[in-house]
Every structure is written in C-alpha cells, then in structure tokens.
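Participant: The structure that follows is given in the form of structure tokens.
Since every read-out is calculated from the coordinates, none of them should be taken as a lab result. Since the model is a prediction, treat every value here as computed from it, not as a measurement. Heads up, the Cβs are rebuilt from the backbone with ideal geometry, glycines too, and the neighbour counts pull from every protein chain shown.
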Amino acid sequence: KKGQVSITNFFKPT
Amino acid sequence: MFEARMVRGFIIKRILEAIKDLVSEASWDCSTSGMSLQAMDTSHVSLVSVSLKADGFDKYRCDRNLTLGMNLASLAQIVKAAGNDDVITIKAPDDADKITLIFEPKSETETWEYEIKLMNLDSEYLGIPETDYSVKINLPSHKFQRICRDLSQIGDSVTISAAKDGVRFSTTGDLGSGNVKLNQTASADKPDEAVTIKIEEPIILSFALKYLNHFARATALSPQVSLSLSKDVPLVVEYVIHDDDDDEIGYIRYYLAPKIEE
C-alpha cells in the first residue's frame, strides 16, 4: 500500500 | 511605489484560476525583476511556484522590494470580474496595507477600481534543490488535462511509468483499471501538439490524481506542459507562459510529493 508523503520531506525551509 | 500593467489581463486571470483552489493565502514578492509567489497547499503535499518577469508587463515599476500577502481566493474573485480583453493594473504604495486593482476594458472609457486588504503572512520559503531529472515529458496541456480527468474517474492515484517504449499512465480502482500510453510524436510541424519524451533512466512513480487535476487548471496558460520525474522525488509539472511574440514571460511550476510504499 502506498501512502502520501509531505512535500516538506523533500524541500526544506531556507 | 509598485505598479504593474498587463495589457493581456487574461494572463493574470488565468494564473489566479490555476492556483486559487490549491493555495488559500500567499505572498507575492515584487522586485525589479518581476513578481513571484511560492506556496504549499494546505495539506503540504504540493508546492506551487509562480513567476512573472518584469519584461512580461507592458509597464512595470518597483521602487523597492515588496511582499504582498493576500487571500488568493478573494483576489481571484475580484479579478474574475475583469473581462478577458481588459487591461489589468496592480498598484501599491511602498508601505501598503492594501493594493489597488484597475481594470480598463479596451476601446471603452470606463475604469474599474478595486482595493484589496493585504495580510501579514509568516510564510516560510522552501528551497527547491537543483535536480537532474531522469525523465522529461513534454505534451499538449489539454492532453495532460484529459489524462488526469479521465483516470480520476477510475482511481485516486496514477502510476507513471517511463521506459524505452514510451510513457504509461495507469490507475486502478473498485471499478477496474485504466491506462493511457503515450509515444513520442514523429513530426514537428505542429509543435503545440507534439509529445516528446526524454528518458535517462526508466522510472515508476505514483501520484495523487486529485492534485494533478488541480494543476491541470493551468491548461489555458500554455498549449504545452512538461512533466519532470526522478525516482523518489517530487514530480514537477510546468506551464511556461509566453507573450504574443512567443517570448517566455513566466511560468507556473507545481511540485507534487510522490506516493511511496508504507
């Protein structure tokens, strides 16, 4: 089963 | 003083239509180079990045950098009232707590003026790492819109697989399954209708169709859309905005986190 992850797992605050 | 005038006001209308249901509040950053916006959707699954170059406006003046925080749904609602042929001007003084929107119908002697209150938003900026994507697909934007719409009748997510023989979009649901296979088009006599596929490495990735359907609301902004994919990183869906002379004046880029094995 595939689950949705957050975009913040990939892009971090600058 | 900030002033940006766009004779093809429908571009501003279309940009707002393309982001208003995804992002509720966001800040426009205005500088001498142009206007830009970056915001996550409320569930933090996707990110939208909009850029409009100063050159893309018919008149552009920005005396000092400004951040214009606003409710995008309200802005879209007001801008929706502008006609497709209207000239749209956005104005703000340096210490603005509101902006003024001016709509001028062509060949008429009317001027419509609206003021919108600004908001202080503590939006955080996300760094988007430079990525060499394994797969880049360019396709007609209406085709992408149709793929997303039709597959979402069947399932909630789409699996995009790209290999030497082409690209496949597939979904499964309670009803059954569906898939669309795209091959690169041979001739280049209709560039708007072309499909081009560049594959460095084969990929298989899954994404929520709900978001892709949101992104497809930018279809009217560009005849072509590009999809950039790499293993285990967000998908990039880009619509490049051109002026009448076909020069690039900006873009909307949507980033969508993949669905991964739990």
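Participant: Taking the Cα-to-Cβ direction at residue B:55 and at residue B:245 and moving 7 Å from each Cα, how far apart do the two end points lie in nm?
Facilitator: That separation, rounded to one decimal, is 0.9 nm.
Participant: For B:190, B:198, B:91, what ranking results if the residue with the fewest other Cβ atoms within 10 Å of its Cβ goes first?
Facilitator: B:190, B:198, B:91
Participant: Loop-only trypsin sites (Lys or Arg not before Pro) in the range B:94-134, please: DSSP not H, G, I, E or B, and at most 15 other Cβ atoms within 10 Å.
Facilitator: Loop-located and lightly packed - B:106.
Participant: From Cα pairs below 8 angstrom and at least 6 apart in sequence, can you work out the relative contact order of the range B:106-262, rounded to a whole percent?
Facilitator: Working: 292 pairs, mean separation 37.4, N = 157.
Relative contact order, the range B:106-262: 24 percent.
Participant: Counting pairwise Cα distances across the range B:84-232, what percent come out greater than 26 angstrom?
Facilitator: In whole percent, the long-distance tail amounts to 47.
Participant: Only Cα pairs under 8 Å and at least 6 apart count here; give the relative contact order of chain B as a rounded whole percent.
Facilitator: Details: 614 pairs, mean separation 52.8, N = 262.
Relative CO of chain B lands at 20 percent.
Participant: Which value, in Å to one decimal place, does the Kirkwood hydrodynamic radius take for the range B:122-196 when every pair of different Cα atoms is included?
Facilitator: 14.5 Å
Participant: What translational D, rounded to a whole number of µm²/s, comes out for the range B:17-146 from Stokes-Einstein when the hydrodynamic radius is the Kirkwood one over Cα pairs, at 20 °C and 1.002 mPa s?
Facilitator: Roughly 128 µm²/s, to the nearest whole number.
Participant: Could you give the length gained on full extension between residue B:168 and residue B:43, defined as 0.36 nm per residue of separation minus the Cα-Cα distance, in nm?
Facilitator: 42.2 nm
Participant: Could you give me D for the range B:167-262, from Stokes-Einstein at 37 °C and 0.692 mPa s, where the hydrodynamic radius is the Kirkwood radius over C-alpha pairs? Units µm² s⁻¹, please. Mind dumping the intermediate values first?
Facilitator: Values: Rh = 15.3 Å.
For these conditions, the coefficient is 214 µm²/s.
Participant: Could you tell me how far the Cα centroid of the range B:180-257 sits from the Cα centroid of the range B:77-119, in Å?
Facilitator: 31 Å
Participant: Using a Gaussian network for chain B with springs between C-alpha atoms less than 10 Å apart, which of these wobbles most: B:58, B:245, B:165?
Facilitator: B:245
Participant: Provide the net charge surrounding residue B:65, with neighbours chosen by a C-beta distance below 12 Å and charges set as Lys +1, Arg +1, Asp -1, Glu -1. Display every interim value, and only then the final one.
Facilitator: Numbers: positive: B:64; negative: B:29, B:63, B:94.
The answer is -2.
Participant: Distance check, please: which entries in A:2/B:231; B:106/B:190; A:12/B:80; B:53/B:198; B:13/B:59 exceed 26 angstrom between their Cα atoms?
Facilitator: Values: A:2/B:231 15 Å; B:106/B:190 32 Å; A:12/B:80 34 Å; B:53/B:198 28 Å; B:13/B:59 18 Å.
Pairs exceeding the cut-off: B:106/B:190; A:12/B:80; B:53/B:198.
Participant: Could I ask something else about it? Could you work out [θ]222 nm for the protein assembly as shown from helices alone, using -39500 (n - 2.57) per DSSP H run of at least four and dividing by all its residues? Round to the nearest 500 deg cm²/dmol.
Facilitator: -4000 deg cm²/dmol
Participant: Just need the Rg to Rh number for the protein assembly as shown, please, alpha carbons only, Kirkwood Rh.
Facilitator: 0.99
Participant: Given Cα positions, please report Rg to Rh for chain B, the hydrodynamic radius being the Kirkwood one.
Facilitator: 1.00
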